[in-house]
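Here is the structure we will look at.
The values are calculated or read from the model by the stated rules, or taken from the named source; none is laboratory data. No experiment lies behind these values; they were computed from the predicted model shown. Note that we place each Cβ from the backbone using ideal geometry, even for glycine, and neighbour counts take in every protein chain shown.
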Protein chains: 2
Amino acid sequence: MLKLIPLGGLGEIGLNMMVVEYGDTIFIIDAGIMFPEAYMLGVDYVIPDMDYLRQNRTRVSGVILTHAHEDHIGALPFLLREINVPVFGTPFTLGIVRHKLEEHDLLATASLHEVLPRERLKIGPFEVEFIRVNHSVVDGVGLAIRTPVGLVVHTGDFKMSQTVVEGMLTDVNRFAQCGEEGVLALLSDSTNVEKDGHTISAQEIGAELARIMEAATGRIIVALFASNIARIQQVVNIAQTRHRKVVFNGRSIEVSVAIARKLGYLNVPEGMEIDIDEVNTFPDDEVIMITTGSQGEPMSALARMAAGTHKQIKIHQEDKVILSSKFIPGNEKAIANIINNLYRRGADVVYEKISNIHVSGHAFREELKMMLNLVKPRFFMPVHGEYRHLVLHTRLARQVGIPDDHLILAQNGQIIELEENRFRIRDGISAGRVLIDGKGIGDVGRSVLKERRVLSEEGLVVVNMAFDEETGIVVYGPDIVSRGFVFETETGYLLQDAQCVVLEIVEDVTPDVPNRVDRIRSRIQTALRQYFFFTIGRRPVILPFLVEI
Amino acid sequence: MLKLIPLGGLGEIGLNMMVVEYGDTIFIIDAGIMFPEAYMLGVDYVIPDMDYLRQNRTRVSGVILTHAHEDHIGALPFLLREINVPVFGTPFTLGIVRHKLEEHDLLATASLHEVLPRERLKIGPFEVEFIRVNHSVVDGVGLAIRTPVGLVVHTGDFKMSQTVVEGMLTDVNRFAQCGEEGVLALLSDSTNVEKDGHTISAQEIGAELARIMEAATGRIIVALFASNIARIQQVVNIAQTRHRKVVFNGRSIEVSVAIARKLGYLNVPEGMEIDIDEVNTFPDDEVIMITTGSQGEPMSALARMAAGTHKQIKIHQEDKVILSSKFIPGNEKAIANIINNLYRRGADVVYEKISNIHVSGHAFREELKMMLNLVKPRFFMPVHGEYRHLVLHTRLARQVGIPDDHLILAQNGQIIELEENRFRIRDGISAGRVLIDGKGIGDVGRSVLKERRVLSEEGLVVVNMAFDEETGIVVYGPDIVSRGFVFETETGYLLQDAQCVVLEIVEDVTPDVPNRVDRIRSRIQTALRQYFFFTIGRRPVILPFLVEI
């Protein structure tokens, strides 16, 4: 019996991690992170709960990475630190992984194995074939997994664009051959199941970019995702026809470009690239800069240009800035701020909303149907989506003829047991999200987040006081200070009045009362809470430190 | 010389407030709020800086409200509390305002004056005519302001939809007559200047809503903006043809519906409305519920249904939920959570992304051009937009023939001086944003927000210690506690080690050192900062309370 156990990615965009298990052998598909939600204050990122792998560590034989995006490889260092298993991936994916493991001091001990599309890999009873897919990062693959109960196809993140930029079309032929061979189950990307039709092709994007750049009279600054090598190649090609020099700026772009060039995935003609320090020695209309910051990241090169704090690049009147990427939900305001500031500095800005200069890397509905029709699976299990995406994807599969009782609507932590002719969904694995803050793993939980939220919204008031242990007389304080509360100028009278509130309580509780200090402490809590709420409508955290000396 | 002084709304969506001034007379157009940005931790809302009005209070003769949205009327209570001037508006707008002022205990002293479209109002040297505009709230108007230097037209928030739902089409004829009369300056809504073409008409929305509701076999729950009376009327009309009863649920909807019905703007046939407590006595396919929560607001009726905590309404398998409103940027994740949870409870959900069930209330580019062509102004000043919207709107005006030197690209706080044949932009007014948190007005500033951010992301560590004033011996502590930092279980060893760090410092600073306690305090700050950063990679706020007794 084959088991599929999603540890992440089925119920969210991000955290992709799937356990594939037969008998004594386990392998893992992807190990992704998610960026924290707004309420996860101070959290750097989120990884899947890997408890199941920890408990079965001796049976884990490897991890296969489908492509180099963070939601597929970002949790790899945390996995390898606990279970050092072989890692399989395509050359570009492993290039990025190598860089990442180096940063985590894990490269020396890691065992990385390059696999090319159409190559097969033996893992215990499994034979796994890599199938090229087209996505918004180069060198992505889907998987054809031959198991003792049948062939399982996993699409990875894919779309069906028919334009060759870097020669990496989705290998429709191979998916078709799988379909002819007979597929037990298809696991397919659900991200864009809400979108009708087809993704627009890279050729249209290229034509629009060329049109915009042709009209530009000053510098051109293109901000995009560092891993989008195909888009970078398009920009470089246009730069060449316009006789412009190219500058790569931003750490992640520099890393990604270096790896892609070494592998021959990106071609920048000899003499075309210049250094950032040389930019100002060329006329504005002879320069194209390719940079990061398309999501409004505050420390990115683009944000610094917009704020006027970039060391080498000051925005000029005729500069044309192109944001060739999606506005990811949650980032819109940060991006809009940067656009407004670029306009204030005189630049012209082109972005997705007003121009066709970006396309998603995930298949739209017609492409998803095509994948279903190519692979003709007996069972269908949507992956890579929030819950509504998974539901909508099962409905789409029903439209192309998969019967209701062959649709596997699963969620993280469930165990999907597959046999030749049937499946069963069992509950039982602990699956959840582990929050990473600084070097701590999983030490920030709900209670800590709640404390942080209250601190952040209401601020903090500390009361310090010391009593003589024997006489009960106040020997120090009350000293009251606040943080994140109200302006210093206004806290004056507020905190003075709060002192009076505290002193009245102290007078009121006679020295002979048992547990006098505890009693005073709890009355101070209540009284100050009421006082601040009635005077200014706020509920700060109140920390009374009363000590007996 | 006529002066226009935008105090808000030119540089953001929200905070709309414009001063119009001639000689000794000032009147104000709109008094709006903005909802706080994500970084404004704990802030309830934001109002414009009204300092200029405070300084010129004796000259302020009134405030004119163009429509009942919060970004146009939300700051009115704060304005009236400082300067109690007459308020002018249409019946529905004043209905909502009355409710709002009652909540602020200001209704008794307020002076509210109803004005109807095509009526004129005299304010000092000004004559102001209301002109009907169509928008996503009923009873919106633009203004034709006759001034000693010429006619100024302000569009308010408008679009050009040609479908009559509540009989409130934009009064194109009147704008045209202004154009024929000769217009000195046009101030026009820039919100959707990034969108090509025309807004889709309310008729198309109605047809799509009817199609979806016709197919529904269970209850229908429609979530929308409370003030969108035209959309509510459409839903009521469809409910009637489908023989369904209507329930209004959610406080703001109930208020808005009551006002609209009283004014005859909303028609709910006799016997059609039922109470929320009666819902479960009707078959599911005979009920339509109209409710709030389309923005994912956590306490809304819809959020409670999605969470399963709504008192009267539990989601059933066949329920159809329709979110007939925009996903406002910043709210997407909250809305997506609600949609996912509704799917988990078995409901089917229809929303903007997958269906044409909403249209913006603001004109698209072709409609904006039409307004420019109708009014044929000598000068053009875009309003109601972020900076990039204002820039793009001036470019659009250039396309329809307004010369470059007749385009007024102004920002909040600038003074636009208008004469018959020229304009000048002067700087000089303090304009900004005032943050409201609880009952405090403007007492939360940058420094407080920064403290809140650090507290929220890193948490807090407090060190308490008392020294004998004479001997310098430690008589209490070090007592170390944390909030919003790490799990209690893990803080144990961390804070014990931190205690050792503190004690080592105390030993190290001999009793004869001058300002010994100050010195210990600053060394504790530094040492604990380093200790926590090296051990767990975090930078909590460290508050050392060291006292001498």
Please specify each residue of segment B:110-137 satisfying the condition of being among the polar types (S, T, N, Q) and in a loop (DSSP other than H, G, I, E, B). B:Ser111, B:Ser136
Working only within segment B:299-311, note down all residues that are assigned to a loop (DSSP other than H, G, I, E, B) and either touching a helix residue (DSSP H, G or I) at 6+ places or on another chain (Cβ under 7 Å) or of a type in the set (Asp, Glu) (or both). B:His310
Here is a list of conditions, (1) within 23 Å of the chain's Cα centre (by Cα); (2) at pLDDT 95 or above; (3) acidic (Asp, Glu), and A:Glu367 meets all of them except one; can you say which number that is? (1)
Taking the conditions exactly as written (in a loop (DSSP other than H, G, I, E, B), more than 9 Å from chain B (Cβ to nearest Cβ), surrounded by 16 or more Cβ atoms within 10 Å (Cβ to Cβ) and more than 20 Å from the chain's Cα centre (by Cα)), does A:Ile357 satisfy them or not? yes
Looking only at segment A:140-156, which residues are of a type in the set (A, V, I, L, M) and not in a strand (DSSP E or B)? A:Val149
Filtering segment A:114-136 down to residues that are loosely packed, with under 15 Cβ neighbours inside 10 Å and either under 26 Å from A:Lys326 (Cβ atoms) or touching a residue at least 40 places away in the same chain (Cβ under 8 Å) (or both) yields A:Arg118, A:Pro125
The one condition A:Leu368 fails out of (1) surrounded by fewer than 19 Cβ atoms within 10 Å (Cβ to Cβ); (2) not acidic (Asp, Glu); (3) not in a strand (DSSP E or B) is (1)
If I ask for residues that are part of a loop (DSSP other than H, G, I, E, B) and within 8 Å of chain A (Cβ to nearest Cβ), which ones from segment B:540-549 would you list? B:Ile549
Please go through segment B:397-446 and give me each residue that is modelled with pLDDT of 95 or more and within 11 Å of chain A (Cβ to nearest Cβ), ordered by number. B:Leu409
How do the pairs read when you match residues in segment A:1-26 that are more than 14 Å from every other protein chain (Cβ to nearest Cβ) and over 15 Å from A:Ile425 (Cα atoms) with residues anywhere that are assigned to a strand (DSSP E or B) and among the aromatic types (Phe, Trp, Tyr), using Cβ under 8 Å and keeping only pairs 6 or more apart or on different chains? A:Tyr22/A:Phe126; A:Thr25/A:Phe126
Have a look at A:Lys314, A:Lys326 and point out the one that is among the charged types (D, E, K, R), assigned to a loop (DSSP other than H, G, I, E, B), within 14 Å of another protein chain (Cβ to nearest Cβ) and on the phi < 0 side of the Ramachandran plot. A:Lys326
Looking at segment B:502-549 only, could you name the residues that are over 23 Å from A:Tyr476 (Cα atoms), among the β-branched types (Val, Ile, Thr) and free of Cβ contacts under 8 Å to residues at least 12 places away in the same chain? B:Thr510, B:Thr526
Return the residue satisfying two criteria in turn: it lies in segment B:451-473 and is under 16 Å from A:Ala466 (Cβ atoms) and within 7 Å of chain A (Cβ to nearest Cβ), and of such residues it is surrounded by the most Cβ atoms within 10 Å (Cβ to Cβ). B:Ala466
Residue satisfying all of: in segment A:78-107; in a helix (DSSP H, G or I) and in contact (Cβ under 8 Å) with a residue 40 or more places away in the chain; farthest from A:Ile123 (Cα to Cα) among these: A:His99
Answer yes if at least one residue in segment B:294-303 is within 12 Å of chain A (Cβ to nearest Cβ) and over 23 Å from B:Glu214 (Cα atoms), and no otherwise. yes
Return the only residue of A:Val321, A:Val279 being within 14 Å of another protein chain (Cβ to nearest Cβ) and at pLDDT 90 or above. A:Val321
Which of the residues belonging to segment B:507-534 are assigned to a helix (DSSP H, G or I) and either in contact with a Gly (Cβ under 9 Å, 6 or more places away or on another chain) or acidic (Asp, Glu) (or both)? B:Glu507, B:Asp508, B:Arg516, B:Val517, B:Asp518, B:Phe532, B:Phe533
Could you please let me know if A:Asn341 is modelled with pLDDT of 90 or more, farther than 24 Å from A:Gly140 by Cβ and under 28 Å from the mean Cα position of the chain (by Cα)? yes
Among the residues in segment A:315-325, are any free of Cβ contacts under 8 Å to residues at least 12 places away in the same chain and of a type outside the set (D, E, K, R)? no
Would you mention how many residues in segment B:108-160 are among the hydroxyl-bearing types (Ser, Thr, Tyr) and over 25 Å from B:Glu367 (Cβ atoms)? 3
Take A:Gln499 and decide whether it is part of a helix (DSSP H, G or I), more than 10 Å from chain B (Cβ to nearest Cβ) and more than 44 Å from the chain's Cα centre (by Cα). yes
